[in-house]
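What follows is one structure encoded as structure tokens, with my remarks underneath.
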Amino acid sequence: MINSSNKRNLTDPDSELDVPKKQKIKSSFQHPLGIKPWGNYYVDSIINNNFQISCRESSLGTLARLTDDLILEILGLLSVRDLLAISATSKVCYCFATFDELWKQLVIRKYNGDWWWQGTWRLTFLK
């Protein structure tokens, strides 16, 4: 006769192993600047003068008509001083003006391979 405690539970492959059961994991995957995935673009809005508009529109004003790629192209033409100035105008402008690829190009042009990495391209340039 087989002891029932020695039987393997075929419906639970981990029954013989000391594997903890799944636990609920609370995770907060949030962008450090509060940027939300593109799918939230239309639902993340504010009420301004009784009109509901996206946060992007309210922050960028008439520049909101431009695509993100075009805004980044324009910012790529600015000086460091201008990038720093525009980053202080709104949360959305800060996000655009601190985009790491913009600063990567500035580091490469200015330091020509002679730099110490500081964690981001922006910090590398500014140090």
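Please treat every number below as a calculation from the coordinates, not as lab data. Keep in mind that this is a model prediction, so the values were computed, not measured. Glycine also receives a Cβ, built like all others from the backbone with ideal geometry; neighbour counts cover every protein chain displayed.
The table below lists the values:
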read-out: Relative packing of peptides 95-103, 67-75 - highest average C-beta neighbours within 10 Å first; value: 95-103, 67-75
read-out: R0 of 35 Å, Cβ-Cβ distance SER58-GLN118: FRET efficiency to nearest 0.05; value: 0.60
read-out: Integer Hz, Karplus 6.51/-1.76/1.60 couplings in order for segment 112-122, x for Gly and Pro; value: 6, x, 9, 8, 10, 5, 10, x, 9, 5, 5
